[in-house]
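Right, one structure below, let's go through it.
A short reminder: the numbers here are calculations on the coordinates, not readings from a lab. Since the structure is predicted, the reported quantities are computational estimates derived from the model, not experimental observations. We place every Cβ from the backbone using ideal geometry, glycine too, and count neighbours over all the protein chains shown.
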Amino acid sequence: MPQMNRDQRNAAWQAAQQWRTRAAQSQPGGLMGSLKLLLTWLAFGVLMVVGVILGLFFLLIGWAMMPFVRHKMKKRMEQMRAEQAQDIGGGYAEPHTRSSQQDVLEGSYEVKTHEDNKATPRD
């Protein structure tokens, strides 16, 4: 720790004294200060209690709504499945059905009669 000269120590001591006096002056004194402090803490406590009650209220509303939302989502999924099943077995034919895709994947090939005789997939 570097050595401070007497003036620096004295300046630091004076600054600390000024800080102490300002802190003592800003503290609430007497009955009025205590009453303000009490009212502040009461207001803070009331706001905390109101916040907790509102939080619990909205939590309970969310839990109560979950079965209705689940039922709605279930109906929507059933509707999407029905539409998908109607699209697969419906009025228009898809160009690639599952069996033709399997033939291509399994390797149904035909040999063309070109000069290079390469094997190519059948469309």
Within the range 11-42, name every residue whose backbone N is under 12 Å away from a label modeled 7 Å from Cα of Val49 along the Cβ vector. 42
3J(HN,Hα) from dihedral phi, the range 62-79, Karplus parametrisation 6.51/-1.76/1.60, rounded to Hz, x for glycine, proline: x, 5, 5, 7, 4, x, 5, 5, 4, 5, 5, 5, 5, 5, 5, 5, 4, 5
Estimated inter-spin distance, Leu31 and Phe68, nm [label 7 Å along Cα→Cβ]: 5.5 nm
Based only on other Cβ atoms within 10 Å, what is the fewest-to-most ordering of Ser26, Ser34? Ser26, Ser34
